[in-house]
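Data block below; observations after.
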Amino acid sequence: MGRLEEEGSSSKRRRRANDAAGTGKHLYLALDDWEGGYSIHKLDPDDLFMEAPGGAIGKLPEPAAVRIASPVRGPMAFAALGSNIFVATNPRCRREHYAPPTLVYDTQTSALTVGPRVPDWLHDLSDAMAVGEKLYAVTSYRFTESPSLQAMSWAPITSIPDPYPWDPAMEWSWKSMPAAPLDGLDITAYALHPDGRTLFMSSGVCTHSLDTSSGVWKELGDWVLPFRGQAYFDGDLDAWVGLHRGADGYICCCPVASRSAATTRPPECRVLMEKMFQFQGEQEKHLGATLTYMGDSRFCLAESVLRSVDDLESVLRVTVFGLRYDHKGELRNKVRRTTRSYAVSKNTLRFSHAAFWM
């Protein structure tokens, strides 16, 4: 009976991997894992749904999908929109027109092109929020200037006043939108409403919504989303899911908040009781964790942990798991989770990793 159960479990995992492969999507990991700079690795879903034998630490697939030379030994910033990954090669540079342009890696064509410079006083490109065909970001206070909303999209070229017939007609460009009611540095969590156009953003003390179709902001109340970073809407759960902001190592969910009604109470939060992070007793070695939505109530948790506090050798743990409600309405694991671990030789402690399912 035990062997039949094991074979049945393996068969289910293969079916899940085949379902994921049918979407044509892969997990892309951005890492500072070579002496010249950064790499973006492409992981096959077949590998993600299968445990490594004996929990062994493996190697990331080579060659990398793309390698990016770093002008300085420091962090890069990554964001994703559609099939594109945007890379700010020196995000701390604040030299306005002398700042380096971003790079754009198209995961469908494997093409690498040059994109626009990051707008002034945009703290971190990795905090940008994808909505439809645009990438939104909120700047920080600058002397007497209030924060502004910036939106990047693939748009007709306006920088060339009299273009020649052979000049490109379209380009990636940023557009400044109306002033924002909060500082980009203060945003602690955000989530996209299932309507596909309304963003919810929480700072330390309150939550605002932004209707990206009209540019209208609304203050929703003195409460905050229970997440840290991005949360994702899951249709089966009918809830947002994200990393819990107050309890390291836990996943939580909450109902979707109203787009129009202000309230004094936050949405009810349900916490997955099983601790998902594996860094118990390793807090000083834990560099960071990200949650990525894979669809069908499945999620990917990636966490970077130093092997020792004395060097830059690290392990990247990638865990795939599913969520469901039990008969009491509590949040539970839907399927047996799988974890793969990869050895990573880092160059800086100021960058952990970035992960995208696309």
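Every number in this text was worked out from the coordinates using simple rules, so none of it is lab data. This structure is a prediction, so every number in the text was calculated from the model and none was measured. With ideal geometry, Cβ positions are generated from the backbone for all residues, glycine too; neighbour counts draw on all protein chains shown.
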May I ask which residue of 132, 301, 70 lies farthest towards the positive end of the charge dipole of the range 2-357, with charges of +1 (Lys, Arg) and -1 (Asp, Glu) on Cβ and the Cα centre as origin? 301
Place a label point 7 angstrom from the Cα of residue 195 along the Cα-to-Cβ direction, then list the residues of the range 116-156 whose backbone nitrogen is under 15 Å away. 132
In what sequence do 319, 207 fall when counting other Cβ within 10 Å, fewest first? 319, 207
Would you calculate the separation in nanometres between label points at residue 173 and residue 154, each defined as 7 Å from the Cα along the Cα-to-beta-carbon direction? 1.6
Taking every pair of Cα atoms in the range 84-204, average 1/r, invert it to obtain the Kirkwood radius, and report Rg/Rh to two decimals. 0.98
Between residue 83 and residue 274, how many nm apart are label points set 7 Å from Cα along the C-beta direction? 3.5
Two-decimal log10 I(q)/I(0) for the range 242-358, as the Debye equation yields it once each C-alpha is a single scatterer, q = 0.09, 0.11, 0.13, 0.18 Å⁻¹: -0.30, -0.44, -0.59, -0.98
Restricting to Cα pairs below 8 Å that are 6+ residues apart, what does the relative contact order work out to for the chain? Please round to a whole percent. 15
Euclidean distance between Cα centres, the range 72-93 to the range 116-141, Å: 11
Given that just one value was derived from the coordinates, which of (1) 23.2; (2) 21.0; (3) 37.3 is mean projected area of the Cα convex hull in nm²? (2)
With Cβ to Cβ distances under 13 Å as the rule, what net charge do the other residues near residue 145 carry (K, R +1; D, E -1)? -1
If the chain between residue 258 and residue 325 were fully stretched, how many nm would it gain, using 0.36 nm times the residue separation less the Cα-Cα distance? 21.9 nm
Can you show me the helix-derived [θ] at 222 nm for the chain, built from DSSP H runs with n ≥ 4 at -39,500 (n - 2.57) apiece and divided by the number of residues, rounded to the nearest 500. -2000 deg cm²/dmol
Segment residue 111-residue 311, extension gain: residue separation times 0.36 nm, minus the distance between their alpha carbons: 68.6 nm
